[in-house]
Amino acid sequence: MKKILVTGGAGFLGSHLCERLLAQGHDVLCVDNYYTGSKQNIQHLLPNPRFEIMRHDVTFPLYVEVDEIYNLACPASPVHYQHDPVQTTKTSVHGAINMLGLAKRVGARILQASTSEVYGDPEIHPQQETYWGKVNPIGIRSCYDEGKRCAETLFFDYQRQHDLAIKVVRIFNTYGPRMHPNDGRVVSNFIVQALEGRDITIYGDGSQTRSFCYVDDLVEAIIRMMDTPRDFHGPVNIGNPHEFTIRELAEAVLRKVGSSSKMIFLDLPQDDPKQRRPDISLAKQKLDNWGPTIELDEGLDRTIEYFRQLRT
Ligand code: NAD
Ligand code: UDP
Ligand code: UDP
């Protein structure tokens, strides 16, 4: 059994990852500064003697002894990452340097949670890992997009320069229980609005597309990625290739919640990508025939149930 560090372990994806790694019998150290995550997300794991939490900001050095590192620390929703954009870039860049320095010192494998945002507003569709992206370097999303791109650069340079065992996954829109109810992401926004009978806020005309992956499928993929042969580094797209317009998502949520909320149409935020869908052929090939198993219909049911219980 291994000693595994999960940075951002108290966040949405991190808490599910900690849970799964503990279930596999590993020792898990969760490092988080609770910027967007919460102790509530990991409360149920605290009684487990193999689980340890540490309040720490990854922009500062960290000295611990571990076998593997999953680097997830970074606010992920536009509302949060744009709140303190300088800190967002620091978290991606300084955080990557520190975690890579740690991996180098202790000889640990290290996985970076990168993002489909490295493709920006893509000119090719669906997006393959070989596409270099179309990213605005000076816009309001740049702190996140460019921070993540620089983190990827650092990972590959540490690999070439110091022979580190790196893994990079590019995560596409993922949803599920423990998403922050106020983080402004589309799935949580629509569900909370529908449950509260408030207007459903569609940005633009709702014709932009996204492809939504359920959290359990994502966690399975990144654990498989960590276990790939040492000389395979990625990057690998992880996501569900089923693509929906934002308007279709709103209609599905309204139907499932049985809500009388109305759809309203607001301005589209600057640099909002018009379409996004992963090509997951590489993941299928390298991750033991991995593919999503939970489609939007079932995943939405589970997520709606979570938000219902949160309100009671
Ligand atoms: P989240 O905001 O729920 O989790 C991020 C966690 O990182 C939080 O617990 C937060 O407190 C912590 N954190 C932030 N800055 C930190 C710092 N400086 N030091 C220590 N901890 C810090 O978001 P999430 O959806 O769980 O995303 C996890 C990772 O996956 C992020 O790196 C994100 O960029 C990436 N990702 C997520 C998605 C998605 O759709 N959910 C898509 C692409 C990439
Ligand atoms: N670092 C860390 N934990 C460690 C080892 C290094 O946080 O166990 C940090 C260290 O502060 C340094 C960074 O990782 O700033 C990069 O480390 P590296 O060894 O690559 O660079 P150097 O120390 O030579 O600048
Ligand atoms: N969106 C929306 N209404 C909302 C929140 C988001 O129409 O209340 C849109 C947003 O403009 C984008 C899509 O939904 O086109 C996905 O947004 P999210 O912030 O969840 O993810 P990202 O833009 O990072 O893919």
**Message:** For segment 22-140, give me every one of the strands (runs of 3 or more DSSP E) that falls completely inside it and has 2 or more residues that are surrounded by 21 or more Cβ atoms within 10 Å (Cβ to Cβ) and free of Cβ contacts under 8 Å to residues at least 60 places away in the same chain.
**Reply:** 27-32, 109-115
**Prompt:** Among the residues of segment 152-171 satisfying the criterion of being in a helix (DSSP H, G or I) and touching a strand residue (DSSP E or B) at 6+ places or on another chain (Cβ under 6 Å), which is farthest from Tyr81 (Cα to Cα)?
**Reply:** Gln159
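Give Gly206, Gly234, Gly184 a once-over and let me know the one that is modelled with pLDDT of 95 or more, at positive phi and within 11 Å of ligand 3 (Cβ to nearest atom). Write out each step before concluding.
On the way: Gly234 fails: within 11 Å of ligand 3 (Cβ to nearest atom); Gly184 fails: modelled with pLDDT of 95 or more.
Among Gly206, Gly234, Gly184, only Gly206 is modelled with pLDDT of 95 or more, at positive phi and within 11 Å of ligand 3 (Cβ to nearest atom).
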**Complete:** Filtering segment 186-234 down to residues that are in contact with a strand residue (DSSP E or B) (Cβ under 8 Å, 6 or more places away or on another chain), in a helix (DSSP H, G or I) and either without any contact (Cβ under 8 Å) to a residue 24 or more places away in the chain or closer than 24 Å to Asp163 by Cα (or both) yields Asn189, Ala221, Ile222, Met225, Met226
**Message:** Here is a check on your reading of the model: is Tyr119 within 10 Å of ligand 1 (Cβ to nearest atom) and of a type outside the set (S, T, N, Q)?
**Reply:** no
**Request:** Output the number of the condition that Ile124 fails; it satisfies all remaining conditions of (1) in contact with a Lys or Arg (Cβ under 7 Å, 6 or more places away or on another chain); (2) at pLDDT below 95.
**Result:** (1)
**Asked** Quick one: is Gln285 farther than 30 Å from Ala194 by Cβ, without any contact (Cβ under 8 Å) to a residue 60 or more places away in the chain and of a type outside the set (Ser, Thr, Tyr)?
**Response** yes
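The values are calculated or read from the model by the stated rules, or taken from the named source; none is laboratory data. The structure presented is a predicted model; accordingly, all values stated were derived computationally and were not measured. Glycine also receives a Cβ, built like all others from the backbone with ideal geometry; neighbour counts cover every protein chain displayed.
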